Structure formats: C-alpha cells, structure tokens
1. Less than 18 Å from a label point 7 Å out along the Cα-to-Cβ axis of Leu262: which backbone N atoms in region 228-256 qualify, by residue?
2. With contacts defined as alpha carbon pairs under 8 Å and 6 or more residues apart, what's the relative contact order of region 215-297 in percent?
3. What's the Kirkwood radius of region 215-297 in Å, using all Cα pairs?
4. Would you mind checking region 175-216 for residues with the amide N under 18 Å from a putative spin-label position 7 Å along Cα→C-beta of Arg238?
5. Given the convex hull of the Cα atoms of region 171-310, what is a quarter of its surface area in nm²?
6. Which length gain, in nm to one decimal place, applies between Leu57 and Trp297 when the Cα-Cα distance is subtracted from 0.36 nm times their residue separation?
7. At 20 °C and a viscosity of 1.002 mPa s, what translational diffusion coefficient does Stokes-Einstein give for region 165-221, taking Rh as the Kirkwood radius over Cα pairs? Give it in µm²/s as a whole number.
8. Could you give the length gained by full extension between Phe68 and Arg280, i.e. 0.36 nm per residue of separation minus their alpha carbon distance, to one decimal place?
Amino acid sequence: MKTEAGTLGFSAFMALLIGVVGIIATLASNSQAILLDGLFNLVYFVVALVTLKVSRLASQPDSEAYPFGYSYFESLVNLCKGLLILGVSIFALVDAVAALLTGGREIAAGLAVLYAGFATLACSLTAWVMHVSQRHVASPLIAADKLNWVVNSAISAGVLAAFCLMLALEALGSTRLVPYVDSILVIAVVLLCLGVPVRIAGQALGELTNKTPPVAVAEPVRQAVARGLEGVTTEAVRVRIVRPGRLLYVLVHVVTSDDAALGLSEQDRLRARVDDEIRRHYAPVVCDIVFTRDTRWAEPSCGLLVKTSD
C-alpha cells in the first residue's frame, strides 16, 4: 500500500479481525493467552480509528485554533497506544500469576493451536505490509504500527509453539504439567515484550514535553545549520530542535557581530539556504531563523525573565 491512510486502515481491519477471532477462540478454548491476544488487538483497533483521524490532521497546515499545527496529536496517539498496551499486559500478568498459584487452567489445546496458527500468519502478513508501505510513506504512525505487528507476530509464534508443546505433553501422558502451560506462557510473553509499550510511550512522552530528538536526528540538523550560515560572521548560534510526531521544528537564533549588517533580503536568502540544507536530511520541517545583535534573545530562558543588556 502506497498511502498512509490505506496502510493504517488495513492495520485497523486486521486488528479487529484478529481481536474478534481471539475472543471467540477464548470462549471455546478457555485460554487466557488467547484472551490477552484478543484484547490486545481490540484495544489496538480502537486506537487505530483515532490514528486514522490524526494521520489526516497531521498533513494539514496550522490554523487559528492550532497555531502550531496538529503534529503533537501523533505523539499523543502513540502515548495512549503504549499506555493501553501496557495496561492490558499488566492485567494479563496479574491474572496469569493468580491462575498459576491456584493450580493452573485447563484449556482446549487443539482449538488453541488453530487460533495461534491463524494469528501468526495474520500478524506476519500485516507486519510485511507495514514494512513495504514504509518504502513509499515516511510516517511515525506506520513505524509504530510496524513495531507493534512485528512484536505481535513473535508473540503469536511463541504461543503457537507453546500450544504445540501442550499437545505433545498430552500425547506423552504428562498431563500434570498441562494446566500450567497457559499461565506460564502469558507471563513469559508479557515479561519479554513489556519493553515495547514502555519504549513507545516513553518516546511519545519525550516528544510531548519538547525533548530534543535523538542525536541521529539532531546532529545532522545542527551541521546543516552551520553549513547554511557559512560566510556569516556570528558571535553565537543557538539551535533548538523538537520533533512532535513526523514534523521537525527548528528554531535558530543567530547573534551577528556589530559589523555584520544583514538586510532583510540577505536574511531571507540565508533562511532559504539553511532551510534547504536541513531538508536534505529531514522533511517535513518548519525552520524559523532569528537574526539579532543582542545575545539575550538567544540565551536559555524560562520566558519569565530576560536579562537586559547594560
């Protein structure tokens, strides 16, 4: 798929399909591992509907109501997505521990194997579609979805292997261990994958709180600003970078020396040059460049007090 909306729509449909099949399979098999997978996908479907709306908003320009655009909605969606997945995981972990301490849980292993096989194929297909789509669309929403489906594929494959082991134990007559397999499986899956929602939520929280993006993003931008300002005599250059969602916002304060008289036309030429240099590394980008002779406008400030020059 070559559009963001189409890719996210396919992701939402697959989450709904797997979630509904998972709930039905849970009623038939009594497996909490399948219930976890079903709830996980239903939660993801609900978030995916919001994600589709946000993907449309993120491509729109700023407005009177949102003067800095809608990119922060992407970070907000990813934060909610990570927290919801984390909540479902913790709920499943507590329930699995309780079941383990009370003698385990009997499940219909045959039906569980069928569901796990279906879920593994469906999740792998969706992850592949997300991967192919990234060749055509640069979207943090699709990137987060791809990570989710890759993890979901690994979880489903692990569940399938565990249920096959359960069938093997039943065939060998080792039925005493069978009731514990489902709970142990849930605990293992949650503990192994708990870092994924934490990482998604942590990155989104950093974006919402205007944290500087990773060095891999920020450093090439700083170098691009330096190249764009080559030939200009400066006393200081302050570069501030934030990345809400897919949008990179760069604010540059250029403190010129007293003998560097830059007219408006020259300032605009330099702005265009810096903007062009940055876009060689990252897009979309909003680049604001302020030229001044007073260092107070470039210094760090909480916005309440500005030190005035004598």
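Rule-based calculations on the coordinates, nothing more; no lab input. This is a predicted model, so every value here is computed, not measured. Reconstructed Cβ throughout: ideal geometry from the backbone, glycine too, with neighbour counts over all protein chains shown.
1. Zone members listed by number: 228-241, 250-256.
2. Relative contact order for region 215-297 comes out at 37 percent.
3. In region 215-297 this quantity evaluates to 13.0 Å.
4. Residues passing the 18 Å test: 210-213.
5. Over every viewing direction, the Cα hull of region 171-310 projects on average to 14.0 nm².
6. Length gained, Leu57 through Trp297: 83.1 nm.
7. The estimated diffusion coefficient comes to 143 µm²/s.
8. 74.0 nm
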